[in-house]
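Comments concern the structure below.
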Amino acid sequence: MSKFHMTTALAMALAAATPAAYAQTSTTHDTRAAMNAATAPGIQSDEIRASKMIGSAVYDVQNRKIGSVQDLVLDRSGKIDVLVVDVGSLLGIGGKNVAVPLSDIKTDNNRLTLDRTKEQLQQMAEYRLEDRNSGAGTSTSPAQGGRLGTGGSTTR
């Protein structure tokens, strides 16, 4: 056999073997990925991310927009204490913030609903995100995190 025929035969053999090896590797990888996806922890259907909640519109039961989520306030244990809803403002001007317990908010088709009217929310007391006496709510996050409820950092 000539050198040209030998090179051609070798190239054809490699080309024929390559798709089978690639397909086998791909199938093995896909199976592992599917198994990992089934067992990997992740967000559940009855959960919502805070980053998606902040800024979201809040609707009444008649499907009218009554405000938007301004912020989430956590208690010392790390659970959401209240949602701060901005009600009555137009492009961030006017209106006020009110505190709504998380238990009053319902999720319906990825929308936040509240069994109150805009007028009822406007009659509620204003919720201040900053305490003038203690300074709570005015500081930025610490460079090194602490644990909620401890008042100190996790490093000693």
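Things worth noting here:
- Under 22 Å from the Cα of residue 96 - lysines, other chains or at least 8 residues apart: 52, 65, 106, 118
- Here residue 79 is the anchor, and the aspartates and glutamates within straight C-alpha reach of less than 18 Å, apart from those fewer than 8 places off in the same chain, are 46, 47, 71, 104.
- Since only 59, 78, 98 are under comparison, the one whose Cα sits farthest along the positive direction of the charge dipole of region 50-122, derived from C-beta charges on Lys, Arg, Asp and Glu, is 59.
- nm² value of the averaged projected area, convex hull over the Cα atoms of region 50-122: 4.9
Since every read-out is calculated from the coordinates, none of them should be taken as a lab result. Worth saying up front: this structure is predicted, and the values here are computed from it rather than measured. Cβ coordinates were reconstructed from backbone atoms using ideal geometry, including for glycine residues, and neighbour counts include every protein chain displayed.
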